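The structure appears right after this line, and notes come after that.
The values are calculated or read from the model by the stated rules, or taken from the named source; none is laboratory data. Keep in mind that what you see is a predicted model, and the values were worked out from it rather than measured. Cβ sites come from the backbone with ideal geometry, for glycine too, and all protein chains shown count toward neighbours. Surface areas here come from the heavy atoms of the whole protein model, side chains and all, with no ligands, DNA or RNA. Shrake-Rupley method; radii C 1.70, N 1.55, O 1.52, S 1.80 Å.
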Amino acid sequence: MTTLKTTKRNPEVKAKKLRRDGFATGVLYGREMDENIPLQFSAVDASRFIKSHKEHLWQNRHVLIFLLLL
């Protein structure tokens, strides 16, 4: 299992600015959740995650991620 550190994103800050500042953006959503949660995390960490799981991602396999919301 992979742990990815993330923080709740300020919706007033544009995603384009966050990407320029070295962050990747995402959204946490699910059936049991009342509302979606916008997230931001290090682009370096996101790149490492994709590189380390690319075989599973290309084969459309599920990858379990543990998000540590700071």
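Taking the range 8-27 only, how many residues are open to solvent by 90 Å² or more (accessible area, probe 1.4 Å), over 14 Å from the mean Cα position of the chain (by Cα) and over 11 Å from Leu39 (Cα atoms)? Please lay out each step first, then the result.
In the first step, residues of the range 8-27 are kept if they are open to solvent by 90 Å² or more (accessible area, probe 1.4 Å); the result is 8, 11-12, 14, 16-17, 19-20.
Checking the rest, the ones that are also over 14 Å from the mean Cα position of the chain (by Cα) come to 11-12, 14, 16-17, 20.
Among the residues that remain, those that are also over 11 Å from Leu39 (Cα atoms) are: 12, 14, 16-17, 20.
Counting residues in the range 8-27 that are open to solvent by 90 Å² or more (accessible area, probe 1.4 Å), over 14 Å from the mean Cα position of the chain (by Cα) and over 11 Å from Leu39 (Cα atoms) gives 5.
Could you please find all residues in the range 22-43 being at pLDDT 90 or above, touching a strand residue (DSSP E or B) at 6+ places or on another chain (Cβ under 9 Å) and more than 12 Å from Thr6 (Cα to Cα)?
Across the range 22-43, the qualifying residue is only Gly22.
Which of the residues that make up the range 28-56 are open to solvent by 80 Å² or more (accessible area, probe 1.4 Å) and of a type in the set (D, E, K, R)?
Arg31, Glu32, Asp34, Glu35, Arg48, Lys51, Lys54, Glu55
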